[in-house]
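Here is the structure we will look at.
The values are calculated or read from the model by the stated rules, or taken from the named source; none is laboratory data. It should be emphasised that the depicted structure is a prediction, and the values quoted were computed from it without experimental measurement. Note: ideal-geometry Cβ built from the backbone for every residue, glycine included; neighbour counts use all protein chains shown. Remember, those area values only see protein heavy atoms, side chains included, never the ligands or the DNA or RNA. Shrake-Rupley method; radii C 1.70, N 1.55, O 1.52, S 1.80 Å.
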Amino acid sequence: MTGSSTPDSRASRLLGIARAGQAAWFFGNLYEAVVRVPDRLPPAESVLGAGSPVRYYAAAVPATVPALAAAVVQGWPARQSRPWLAVSAACTVTGVAATAYLVRTVNLRLFYGTEPVPDDERAVLLRRWYRVNAARLALPGAAWLAAGRARAGLRR
């Protein structure tokens, strides 16, 4: 049948989309760590203002989370892919939670506060940012690898 699509092939395509988003997420976090964005970012007018990292993550989130969720639903019947789908989903959800924590506890105060942050508090916030960002690097990387293994299992 030409043009027909199986659940496995749909899940595989969806995982391809999710992996592209996970890769963009990983490299965005890596870029921020390597060039030390938090040390260089001036206070911004708004979360979506000029220089805000939210602007380059905004494109990856809609590609990653819904595509991965749909891939899990479509690919779940494939037993060989199930553990990898679960790992990819767990890493993605944990990464989103770590990002939400970072934005709420560090970024809003450090970058979007109405008053300058004292140097000692700034140092504490920056240390926290780099520690949490280490997890934010590992999680999308692991999610990307697991999604690749799940995708390979769907092609068997």
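Tabulated data
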{"quantity": "Of R104, R82, R19, the one that fluctuates the most in a GNM where the chain has Cα springs shorter than 10 Å", "calculated": "R104"}
{"quantity": "Rough spin-label spacing in nm, given labels placed 7 Å along Cα→Cβ, for Y112 and A86", "calculated": "3.6 nm"}
{"quantity": "Rounded percent of accessible protein surface that carbon and sulfur make up, the chain, 1.4 Å probe", "calculated": "64 percent"}
{"quantity": "Around Y130: net Lys/Arg minus Asp/Glu count, Cβ-Cβ under 11 Å", "calculated": "+3"}
{"quantity": "Descending semi-axes in whole angstrom, ellipsoid equivalent of region 66-156, from the Cα gyration tensor", "calculated": "37, 12, 7"}
{"quantity": "Whole-number percent relative contact order across the chain, with pairs defined as alpha carbons under 8 Å at least 6 apart", "calculated": "41 percent"}
{"quantity": "Mean ellipticity per residue at 222 nm, deg cm²/dmol - from DSSP H runs of n ≥ 4 across the chain, formula -39500 (n - 2.57)", "calculated": "-24500 deg cm²/dmol"}
{"quantity": "Rh (Kirkwood; distinct C-alpha pairs) - the chain, Å", "calculated": "16.6 Å"}
{"quantity": "Residue of V34, V72, V61 that the Gaussian network model of the chain assigns the largest fluctuation, springs spanning Cα pairs under 10 Å", "calculated": "V34"}
{"quantity": "Radius 13 Å from Cβ of R19, net charge of other residues (Lys, Arg +1; Asp, Glu -1)", "calculated": "+3"}
{"quantity": "Shape call, region 55-101: gyration tensor on alpha carbons, a/c limit 1.5", "calculated": "oblate"}
{"quantity": "Unit charges on C-beta of K, R, D, E only; dipole of the chain, Debye", "calculated": "820 debye"}
{"quantity": "Probe 1.4 Å, protein heavy atoms only - accessible area per residue of the chain in square angstrom", "calculated": "57 Å²"}
{"quantity": "Separation of the R104 and A69 label points, Cα + 7 Å toward Cβ, nm", "calculated": "1.8 nm"}
